[in-house]
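Q: This is the structure I have questions about; it appears just below.
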Amino acid sequence: MLLNKRAFLGLSAGLALSSTGLFKPALAQSGKTIKIGFAPWADAEFVTKLAAKLIETRLNTKVELVQTDVAPLYQGITRGDVDVMLMAWLPQTHADYWKRVEGKVEELGPLYTGAKLGWVVPSYVPESEVASIADLAKPEVRSKLSGRIQGIEPGAGLTRLSNEAVKKYGLDYTLQESSEAAMLTTVDRAIRGERWIVATAWSPHWMFGKYDLRYLADPEGALGAEERVVGIARKGFGAEHAQADAFLKRLNLPLAELESGMLDAQDTDYAKAVDKYIADHAARVNHWVTGEGQAPA
């Protein structure tokens, strides 16, 4: 959903999450508050709240979290409504958004690499019947899937690419646009009933730790290849927040650690999962914060 400026500012005011209650306050605050924007995607939420906790507790700088959709986040970065977003999927997923902001923002570097988009089915769906997206065109497969692909929100890059994939493969399917939460609920219900389902998905995601899923092959490359997820900031951020800028440029998580943290967040909550990650990966966290030593492999 694309939001106009007034709607975005309203979200900034109404959905901004103060660190109070989420994170332990720093002993002393320094500098201006840093506003970090994020969309409610599991990977973005974990990385954002991890970064916010460390900026507050280790760099003694207050953080305000602003949750909204992807499109207004990119707009907010260029206007200065938010300082940072840690969820730019490049080169393809957010290509349309990136064209509008390239050269107008500061790049912070990769947060993780090896990310991918795709469509998934439960592993109990026989691979002999459905191995690739092209197999969805088989009449018997379409019937078992009720001619529907379970998707996420309309403004997502994955939704845009999935719509293009439907056309590219000539599929007589409806892409059901909803939200990540609705998609996960639908997948959960289908798996509990051992029903066939195909859904849009991406890695990293905790769903792969909870459910036995497999990606469908994409011989046409409609959903893109491997992606990198990078952080971006408004112009001037680095000059105003040198310590936080250096920290965010060192922030980089192995996919396995990220997915484990995301699953912990689902089993408990984000605050507890972030605390556990920090405790379990002290050397990596210390490198991010201080720049000392080498980041563990």
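Q: Which condition number does S179 fail, the rest of (1) in contact with a strand residue (DSSP E or B) (Cβ under 8 Å, 6 or more places away or on another chain); (2) within 25 Å of D269 (Cα to Cα) being met?
A: Of the numbered conditions (1) in contact with a strand residue (DSSP E or B) (Cβ under 8 Å, 6 or more places away or on another chain); (2) within 25 Å of D269 (Cα to Cα), the odd one out for S179 is (1).
Q: Right, something else. Test F247 against the stated conditions and say whether it is buried (at least 19 other Cβ atoms within 10 Å of the Cβ), over 15 Å from A51 (Cα atoms) and under 23 Å from the mean Cα position of the chain (by Cα).
A: On the way: buried (at least 19 other Cβ atoms within 10 Å of the Cβ): yes; over 15 Å from A51 (Cα atoms): no; under 23 Å from the mean Cα position of the chain (by Cα): yes.
Considered against the rule, which asks whether it is buried (at least 19 other Cβ atoms within 10 Å of the Cβ), over 15 Å from A51 (Cα atoms) and under 23 Å from the mean Cα position of the chain (by Cα), F247 comes out as no.
Q: With the condition kept exactly as written, say whether any residue in region 212-223 is in contact with a Lys or Arg (Cβ under 7 Å, 6 or more places away or on another chain), more than 25 Å from V84 (Cα to Cα), among the charged types (D, E, K, R) and outside the structural domain of F46 (by TED's automatic domain parsing). Even if it seems obvious, please write down each step before you answer.
A: Initially, region 212-223 is screened for residues in contact with a Lys or Arg (Cβ under 7 Å, 6 or more places away or on another chain), giving 220, 222.
After this cut, where a residue has to be more than 25 Å from V84 (Cα to Cα) as well, the list is 220, 222.
Next, from what is left, pick out any that are among the charged types (D, E, K, R): 220.
Keeping just the survivors that are outside the structural domain of F46 (by TED's automatic domain parsing) gives 220.
The answer is yes, given that some residue of region 212-223 is in contact with a Lys or Arg (Cβ under 7 Å, 6 or more places away or on another chain), more than 25 Å from V84 (Cα to Cα), among the charged types (D, E, K, R) and outside the structural domain of F46 (by TED's automatic domain parsing).
Q: Residue under question is D135, and the condition is that it be within 26 Å of L171 (Cβ to Cβ) and either surrounded by 17 or more Cβ atoms within 10 Å (Cβ to Cβ) or at pLDDT 95 or above (or both); does it hold?
A: yes
Q: Identify, by number, the condition in (1) at pLDDT 95 or above; (2) in a strand (DSSP E or B); (3) among the small types (G, A, S) that G76 doesn't meet.
A: Checking G76 against (1) at pLDDT 95 or above; (2) in a strand (DSSP E or B); (3) among the small types (G, A, S), the one that fails is (2).
Q: A88 - would you say it is within 21 Å of S203 (Cβ to Cβ), in the same structural domain as E107 (by TED's automatic domain parsing), at pLDDT 95 or above and out of contact with any Leu (no Cβ under 8 Å at 6 or more places or on another chain)? Can you show your working first?
A: Numbers: within 21 Å of S203 (Cβ to Cβ): yes; in the same structural domain as E107 (by TED's automatic domain parsing): yes; at pLDDT 95 or above: yes; out of contact with any Leu (no Cβ under 8 Å at 6 or more places or on another chain): yes.
Yes.
Q: Let me ask something else. Does any residue in region 114-142 that is over 15 Å from A165 (Cβ atoms) come within less than 6 Å, Cβ to Cβ, of a residue that is assigned to a loop (DSSP other than H, G, I, E, B) and aromatic (F, W, Y) six or more places away or on a different chain, and which pairs are these?
A: Within 6 Å, the pairs are V125/W196.
The values are calculated or read from the model by the stated rules, or taken from the named source; none is laboratory data. Predicted, not measured: the structure shown is a model, and the values here were computed from it. Cβ sites come from the backbone with ideal geometry, for glycine too, and all protein chains shown count toward neighbours.
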